[in-house]
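Here the structure comes first, spelled out in structure tokens, and everything after it is commentary.
The values are calculated or read from the model by the stated rules, or taken from the named source; none is laboratory data. Given the structure is predicted, the values throughout are model-derived calculations rather than measurements. Neighbour counts run over all protein chains shown; Cβ positions are idealised from the backbone, glycine included. Ligands, DNA and RNA are excluded from the accessible area calculation, which covers all protein heavy atoms including side chains. Shrake-Rupley method; radii C 1.70, N 1.55, O 1.52, S 1.80 Å.
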Amino acid sequence: MKKDFKPTLLDFGSVQIYLARHFGFCYGVENAIEIAFKTIDENPGKRIFLLSEMIHNPKVNADLTERGIRFLQEPNGKQLIPFEELTKDDIVIIPAFGTTLAIEERLKAIGISVEKYNTTCPFVEKVWNRSEQIAKKNYTVIVHGKPTHEETRATFSHAAANTATVVVNDMADAIQLSKYITGEKPLDEFYAEFKGRYSENFDVTKDLQRIGVVNQTTMLASDTQAIADFLKTVMVSTHELTEANTEERFAETRDTLCYATNDNQSAVYGLLQQDANFAIVVGGYNSSNTSHLVELCEEKLPTYFINDAGKIISDKTIRHFDFHHKEELISNDYMPEKDPVKILITSGASCPDALVEEVIRKIVSFFKPAISVDKVVESFA
Ligand code: SF4
């Protein structure tokens, strides 16, 4: 069935809010949170650790730490609690992004189960399965993802266990990689240029002969598609392939984005069809999928990336995150003197809906709404 990506209009009279048709929590995140809280309830007295942040949302992670859960690593892999401190009686929850085979082995060696409390999202596992299928056919796996992101590190590790693997961050990286396919660059430069991002024993002379692209599930769909299309074209022209024999060199691997990423991104395209004064995107500042929603909105209108309603200081001032430079900024006079003011709102896959509601209530409180938030909500009940 064709999905509807038209936003919902919440009309308060002097302020009109367009809410994305799909936003917020995805299956993988809900499932992971549910398992984490169930694990706490069912294991009183046990030490429970999370490998790293459950999801990229500070509120959810704070709730978990308040219930006694401790994090073993930072999202970038930095160790907070040494593995040596763990014992076989401890519980370690694997987060929704999954983890590397090396970490799984490490935990198993201590005697800790990596299956029982594993919340790896099935959509991430789908990418691992896809990589394995490609690997069995002797393709090298190109992972489109952020090299330091937990999910990309996990996907890299699973792919690299089966075949040569290399990570590209973006199109600029893909273009550089293509120069080793076409021979435009001396092959030995590859190792310095892609340092830390290729699998052990990667042989650039033979490992770029047959390739397939998979992605971190939360990348921008259009970027992954563009990278895959570009590398396919490079393979076709370099090896003088035809449509009939392209698969000899390039594996078709469409649809390794998860449904939630796809739907949330498509809903932003739907949202951007509306004329509006600015957009607010709610989510954790280190959330990859949220930053991609910001990126889409920024192309069309002023966009404020906030992680909770508290960042809206007043109707004049807003504190928001510039994810390009990784810093919080303060903007003044962000609310135009218009009647009505039109605002687009969405949130990332790891953002609880309650935070979006708080944001809406805060904004509406700056106006004299013709109708209350509760009344508008009721009309949708
Ligand atoms: S964003 Fe997608 S892949 Fe990631 S946890 Fe959610 S459903 Fe799974």
What does the highest-first list of 34-40, 23-29 look like by mean Cβ count within 10 Å?
-> 23-29, 34-40
Across LYS136/LYS179; LYS3/LYS338; LYS316/LYS362, pairs whose alpha-carbon gap is larger than 23 Å = LYS136/LYS179; LYS3/LYS338
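Count the DSSP beta bridges whose two residues both fall in region 102-228, then state the antiparallel fraction as a percent rounded to the nearest 5.
Antiparallel bridges: around 10 percent, rounded to the nearest 5.
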Region 330-350 versus region 1-71: alpha-carbon centroid distance in Å | 23 Å
Excluding residues fewer than 8 positions from LYS88 in its own chain, the lysines with Cα under 18 Å of it are LYS46, LYS108, LYS116
Within region 274-331, DSSP-loop GluC sites (Glu not before Pro) with at most 13 other C-beta atoms within 10 Å are GLU299
Cα centroid separation, region 184-256 to region 263-287 (Å) = 31 Å
Given backbone amide H placed at 1.01 Å from N, residues whose amide H is under 5 Å from that of ASN118, ignoring those fewer than 5 places away on the same chain, are ILE94
Measure off, as a whole percent, the carbon and sulfur share of the 1.4 Å-probe accessible area of the chain, all protein chains present.
-> 50 percent
Taking the Cα atoms only, what angle lies between the long axis of helix 27-42 and the longest principal axis of the chain, rounded to 10 degrees?
-> 90 degrees
Once you list every other residue whose beta carbon is under 15 Å from the beta carbon of GLU66, what net charge do they have if Lys and Arg are +1 and Asp and Glu are -1?
-> 0
Residue-by-residue Karplus 3J(HN,Hα) for region 365-379, coefficients 6.51, -1.76, 1.60, Hz, glycine and proline x | 5, 7, 10, 9, x, 5, 8, 7, 4, 4, 5, 5, 4, 4, 5
Using 0.36 nm per residue of separation minus the Cα-Cα distance, give me the extension gain between ALA172 and HIS324 in nm, one decimal.
-> 53.1 nm
Residue-averaged 222 nm ellipticity for the chain, from DSSP H runs of 4+ at -39500 (n - 2.57), nearest 500 = -11000 deg cm²/dmol
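Would you mind counting up the charge near ASN332? Only other residues with Cβ under 12 Å from its Cβ, with Lys and Arg at +1 and Asp and Glu at -1. If you can, show how the numbers build up before the last one.
Details: positive: LYS316, ARG319; negative: ASP315, ASP333.
It works out to a net charge of 0.
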Take HIS144, HIS239 and sort them by solvent-accessible surface of the protein heavy atoms, 1.4 Å probe, largest at the top.
-> HIS239, HIS144
Any chance you could list P(r) for the chain, counting all Cα-Cα pairs in 20 angstrom bins from zero, rounded to whole %?
-> 26, 51, 22, 1
Cα-Cα separations in region 263-337 greater than 15 Å, expressed as whole percent | 53 percent
Note, GLU132: beta-carbon cut-off 13 Å, +1 each Lys/Arg, -1 each Asp/Glu, net +3
